[in-house]
Every structure is written in C-alpha cells, then in structure tokens.
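Remarks on the structure that follows.
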Amino acid sequence: MSNYSKQTNWGQFIPLVTVFFFWGFVAASNDILIPVFQKAFKLSQTESMLVQICFYVAYTVGSLIYMAVSKGIKQDLVNRIGYKNGLITGLLISAAGTLLFYPAANLHSFPLMISGLFIVGLGFSLQQIVANPLAIEVGPAETGSQRLTMAGGINNLGTTIGPLIVSFAIFGSAAAATQDISVESVKVPYLILGAAFVLVAIMLKFSSLPAITPTIIEDTDDVVPGEHRKSAFQYPQLFMGMIAIFVYVGVEVSTASNLPAYMEKSLGFETKDVAPYISLYWASLMIGRWTGAVEAFDVSAGAKKILRFLAPYLAFGVFLLVNAIAKHDLSHFYVYGLIIIAMIICDIMSKGNPARMLLIFSVAGIAALLIGMFTKGMVSVYAFTSVGLFCSTLWPCIFALAINGLGKHTNEGSGLLIMMIMGGGIVSLIQGYVADITNIHFSYIVGVICFAYLAFYAIRVSGILKSQGIDLDKITKGSGH
C-alpha cells in the first residue's frame, strides 16, 4: 500500500481513532449487559451468552457479505467506494443497530435487543476492514506500527471506561446505585451511542480523510522460491493461525463475559458492584499493550528498559483515575500493581520474539486461570482479571506468525483471520453451557483449553516457519484488534 504523506497527518488520524474507541467501548460494555439481561429476561448462563454470539458472529457475517459484494462487483468494495465512505457507511450501519434498543426496551424483547447488537457488529466489521489499513495510510509506512499501537491504546481506553459509563447509566452513581434492574434503562445510553456514531460520521464527512483509496500494490510472488500455492489455506501457519485467533478472542471475551456471574453466584456481589472489576479486566489489556508498545518507539535501549516498567503503571493509573471519577473505592485495586510485575517479567523473557511471547504468555494465562479455579474470594477474582494481562499481546503475535510467508496470499489470509473474531461469541457460549451443567467456577477450564492450543501453536508454527527459512526474531508484530 502506498503512503501519500511523508508525515503523520494528525488532522486525519485523530478523527479516525474515534472508531477504535467505539469498538472497545461497546465490546466491553456487553459484559455489563449480560447480567442485566440475564435477570431482566430470566436467562440461563448459556442463553445470556447470546449477547456475545450475536455481536461477534456479526464480524464474520459482515466479512462474508463484504467478500460476496466485492466478488459480485468484481472489485474490492472499499477500493470502489473509498476509505472515507467505507467508514461513514459502517458508522451509520452501527447507528441503525442502536435504534432497535428503543422498541426492544419498550416491548421487553430480548431477541430484538441482541438483533440490535448484531447490526452494530455488522457496522463494526466494515469499520475494521477500513480503519486498520487507513491508520497506516495517513502517514509514512515506517511509523505505521506506532500509529496502530496508539489506535489500539485508544481502543483499550474505550474498553476501560465503557463498562463504567454503561453501569452508571443503568444503575446510577456508585454512592446512590440501585439494584433494581429495568431493561428500559438500557435504551437511553445506546440511543446516545447511536447519536455519537452519526456525529462522528458527519465529522468524518467533512474531515480531510482521503475520499479515494490509494493504489494498493500486491506482491505477485510467493515468498518461498519455487512455491506457487493456489490458496492461502495451503499454508499450515495460516490454517492453524485461524484456529488460534478463534480461541484467543474466545478466551479473552469469555473470561470477562462469565466473570459477573461468578462474582454474583459464588462471591455474593451485586450486579451494580461488578463494573469496576470488568473495567479492570479490560484495563489489563491496555496495561499489557502499552508495555508491548515500548518496542515500537525509536529510543535507546536504556530508555526502553525504563519505559517497560513505566508504561504499564501509567496505564494502571488511567484505570485508577477513571474509577476515582466514578467514585468507586480504589483500596481493593492497589494490590493489582504487584500482579502487573508478573506480566512485565513475561514481556522481558519474550525478547520481542512473537512465537516465544505467544508461548510464555499462554502458559502464564493457563497459570492465572488455574489459580482462579482452585482459589476463592478476591484471590480468584484477581487471578481471572489478570488473564487480560496475558491476552494483551497475543493478537499481534498470532497475526504476524499466521500471515508470514504467504506472499501474494497475504491479503486473503488477513481477511480470513479477521473472520475468526467470531470465537469471542462461540467460546463464551461454550463456557456458559459448561457453567450450566457444572458450575461457573469450573467453567473456566474452557479458557485453559484455549490457552493450551495457543501454546501448542507457538511451538508448532516455529518449526513451520523455520522450515520455510523465516527468521522468527525478524518478524515484526502487528497491532492489537
């Protein structure tokens, strides 16, 4: 892809990253909707996971629709309509989805509620297709990873404050919160969110973002000399990587989605008091990604060592700040600063190698889940929330390993990986079902199995890529989703 600017165009980049914020805001806010819907509609744990199924499967359906339309017009859809119009269309589709919350709340209809979330997800799928390459396109290629890292940080800011804002809108302030749940209280925050989608779409319309997609130059040769494979599916690193993305997004989402039920049923928490811990889980991803982003900056080795310890605690400080503004008791969270040290150690041990990082962080994720499963009280809660720390850098590791060596099939492979985001909904549903037939505490065995596959993939893909003559230490990780 050709970059049309030798310097980052901040006038274009700043309005662009608002869509990254929305992705995180809505995805994390779903974890607050789940217990609300569960009580309001008297759902089982399995049924409540339909919230995540509808939202995350929308990414796959949206991708399939996108590919079908592109095939029908015999041209890539975004190449036809342009970046700006692609983003605006995606935002308006998501806005249309939020409108369904109004009649759904009035009619007390769960199917209509999750249909609204599905349409929001369809809009997000188009936004994902457009926004990630556009974040690179608004400046020079050599700083593209830094812009994507920054955009990922904005996404995680959305995941951190989303649960708090939605919880406040539904239950009120922490000091005056009520436990009475009315599904009608959901419609106002989501109508406001829909209005925000439309406002950003208007802002983008009058922004200086390029209306026409720059020329995309595709590699026409396979990376490995003498190999001319007809499909991306013929590359084992990609096929296995698709499963890896599926289970990674699955364990990331399902761990948070089932946490409210665990805290309520096993620890006696009230629904209104769960939001800060959901916020902590998603903030943990921000903490880990800010740590991993240190490598993207062109500073001395000594400065990187300092930043590796400073960045995660700056991110943790953001979490504490937004919870202080929400008037939550912060005394429960200070101990988490010690847990962050374990993630920093894992990051140092990985030495920037994506396969090594995937293996180390997956093993750490297994350890966190097992500690959570075999302990009780707040120890188990912090163990489960720390899974966010160890999920934080896995997406770019898997993505980089899966598409490496694909040559002219790289774009096809990238699209197939994006489709596997549906794992967030399906794995959540599986864990919900296991919780219904056993108990919510034991159900986290599903996450252990997901991490076990990721550890296996880290080992297996190393051998595959080395056999193709690819140096793993020279693979550059991509950005978080």
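Residue under question is Lys84, and the condition is that it be crowded, with 20+ Cβ neighbours inside 10 Å and of a type in the set (Lys, Arg); does it hold? Against the criterion (crowded, with 20+ Cβ neighbours inside 10 Å and of a type in the set (Lys, Arg)), Lys84 qualifies. Condition (residue is at pLDDT 90 or above, touching a helix residue (DSSP H, G or I) at 6+ places or on another chain (Cβ under 8 Å) and open to solvent by 10 Å² or more (accessible area, probe 1.4 Å)) applied to the range 214-221: is it met by at least one residue? No, there is no match, as no residue in the range 214-221 is at pLDDT 90 or above, touching a helix residue (DSSP H, G or I) at 6+ places or on another chain (Cβ under 8 Å) and open to solvent by 10 Å² or more (accessible area, probe 1.4 Å). Does the range 87-127 hold any residues that are among the polar types (S, T, N, Q) and surrounded by 22 or more Cβ atoms within 10 Å (Cβ to Cβ), and which are they? Selection gives Ser94, Thr98, Ser125, Gln127.
Only helices (runs of 4 or more DSSP H) wholly contained in the range 353-465 count here; list those with 2 or more residues that are farther than 13 Å from Gln237 by Cα and open to solvent by 40 Å² or more (accessible area, probe 1.4 Å). Those helices (runs of 4 or more DSSP H) span 354-373, 377-385, 410-419, 423-437. Evaluating Ala368 against the criteria (1) in contact with a Ser or Thr (Cβ under 8 Å, 6 or more places away or on another chain); (2) within 16 Å of Leu157 (Cβ to Cβ) leaves one unmet condition, (2).
Of Ile348, Ile344, Ile340, all but one fail to be assigned to a helix (DSSP H, G or I), over 19 Å from Ser29 (Cα atoms) and at pLDDT 95 or above; the exception is Ile340. Which residue is surrounded by the fewest Cβ atoms within 10 Å (Cβ to Cβ), if the candidates are limited to the range 253-267 and must be touching a Gly at 6+ places or on another chain (Cβ under 7 Å) and part of a helix (DSSP H, G or I)? Among those that are touching a Gly at 6+ places or on another chain (Cβ under 7 Å) and part of a helix (DSSP H, G or I), it is Val253. Under the condition of being modelled with pLDDT under 85, within 17 Å of the chain's Cα centre (by Cα) and open to solvent by 40 Å² or more (accessible area, probe 1.4 Å), the residues counted in the range 18-76 number 0. The condition of being open to solvent by 30 Å² or more (accessible area, probe 1.4 Å) and touching a Leu at 6+ places or on another chain (Cβ under 8 Å) holds for Ile339.
Which pairs do you get when a residue that is among the polar types (S, T, N, Q) and assigned to a loop (DSSP other than H, G, I, E, B), found in the range 196-216, comes within reach of a residue that is at pLDDT 85 or above and open to solvent by 20 Å² or more (accessible area, probe 1.4 Å), reach meaning Cβ atoms under 8 angstrom, with the pair 6+ apart or on two chains? Between residues of the range 196-216 that are among the polar types (S, T, N, Q) and assigned to a loop (DSSP other than H, G, I, E, B) and residues that are at pLDDT 85 or above and open to solvent by 20 Å² or more (accessible area, probe 1.4 Å), the close pairs are Ser207/Lys84. Number of residues in the range 82-102 that are at pLDDT below 85 and at negative phi: the value is 1. The single condition among (1) open to solvent by less than 10 Å² (accessible area, probe 1.4 Å); (2) modelled with pLDDT under 70 that Ala151 does not meet is (2).
The values are calculated or read from the model by the stated rules, or taken from the named source; none is laboratory data. All values reported here derive from a predicted model rather than from experimental measurement. Positions of Cβ are generated from backbone atoms using ideal geometry, with glycine treated the same way; all protein chains shown enter the neighbour counts. Keep in mind that these areas ignore ligands, DNA and RNA; they rest on the heavy atoms of the full protein, side chains included. Shrake-Rupley method; radii C 1.70, N 1.55, O 1.52, S 1.80 Å.
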